[in-house]
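> Here it is, the structure, as structure tokens.
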Amino acid sequence: MFFYPLALAIILIDQALKYFVEKSMYLGQSIPLIHGLLKLTYVRNTGAAFSLFSGFSPLLVVIGVVVVAVVIYFHYRVPKDNYMLQVGLAFILGGSLGNIIDRIFRSYVIDYIDFGFWPVFNFADMMINLGVLLVVICVLKGERDKRP
């Protein structure tokens, strides 16, 4: 019941943040938010995570669509009362679609969260990673619960 609304909320937040960055900053601009720790930095990523495979945007759209299909498939296979796993899947779905929208309509993904020591990323990336973490925790917890 909450799966698709949660994924949609993530997409809307992601696209709103990217729109704000694109309209209010120039490419490469960096604004300190927390001195020495966090900056808002506008970059365009034509590759995958951490700018790997730069320039392969059409292939990355296809991979993203496959990920979306797999997530939706598992959404229907997982019990609805397994809330943590369903939330994890919704996070992955929303984040993946947020980045796919960028790849389709911009040919790049807007990234802006910059810790300086880590590649610049965005809200969608955070949701994907948090979703994967929740799924892994659920799988590991499930395996532990099955032991005699």
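The values are calculated or read from the model by the stated rules, or taken from the named source; none is laboratory data. The structure presented is a predicted model; accordingly, all values stated were derived computationally and were not measured. Every residue, glycine among them, receives a Cβ derived from its backbone with ideal geometry; neighbour counts consider all protein chains shown.
> Among (1) assigned to a helix (DSSP H, G or I); (2) at pLDDT below 95, which single condition is residue 95 missing?
The number of the failed condition is (2).
> Scan segment 122-143 for residues that are in contact (Cβ under 8 Å) with a residue 40 or more places away in the chain and under 25 Å from residue 33 (Cα atoms) and jot them down.
Those that are in contact (Cβ under 8 Å) with a residue 40 or more places away in the chain and under 25 Å from residue 33 (Cα atoms): 122, 123, 124, 125, 127, 130.
> Could you check, for segment 105-117, whether at least one of its residues is in a helix (DSSP H, G or I) and at pLDDT below 95?
Looking through segment 105-117, at least one residue is in a helix (DSSP H, G or I) and at pLDDT below 95.
> Of all residues in segment 75-115, how many are out of contact with any Phe, Trp or Tyr (no Cβ under 9 Å at 6 or more places or on another chain), more than 30 Å from residue 24 (Cβ to Cβ) and surrounded by fewer than 14 Cβ atoms within 10 Å (Cβ to Cβ)?
6
> Could you give every pair whose Cβ atoms fall below 6 Å, whose first residue belongs to segment 23-49 and is over 14 Å from residue 115 (Cβ atoms), and whose second residue is acidic (Asp, Glu), counting only separations of at least 6 or pairs across chains?
As it stands, the answer is 45/111, since those pairs meet every condition given.
> Ok, one more. In segment 62-92, which residue that is aromatic (Phe, Trp, Tyr) and touching a Leu at 6+ places or on another chain (Cβ under 8 Å) is modelled with the lowest pLDDT? Give the steps one after another, and end with the answer.
In the first step, residues of segment 62-92 are kept if they are aromatic (Phe, Trp, Tyr); the result is 73-74, 76, 83, 91.
Going one step further and asking which of them are touching a Leu at 6+ places or on another chain (Cβ under 8 Å), we end up with 74, 91.
Values: 74: 94, 91: 98.
Applying the filter and picking the extreme gives 74.
> Please go through segment 1-48 and give me each residue that is in a helix (DSSP H, G or I) and either surrounded by fewer than 15 Cβ atoms within 10 Å (Cβ to Cβ) or in contact with a Pro (Cβ under 6 Å, 6 or more places away or on another chain) (or both), ordered by number. Before you say what the answer is, go through the steps one by one.
Filtering segment 1-48 down to residues in a helix (DSSP H, G or I) leaves 3-24.
Within segment 1-48, 4, 5, 8, 9, 12, 16, 19, 20, 23, 24 meet the criteria.
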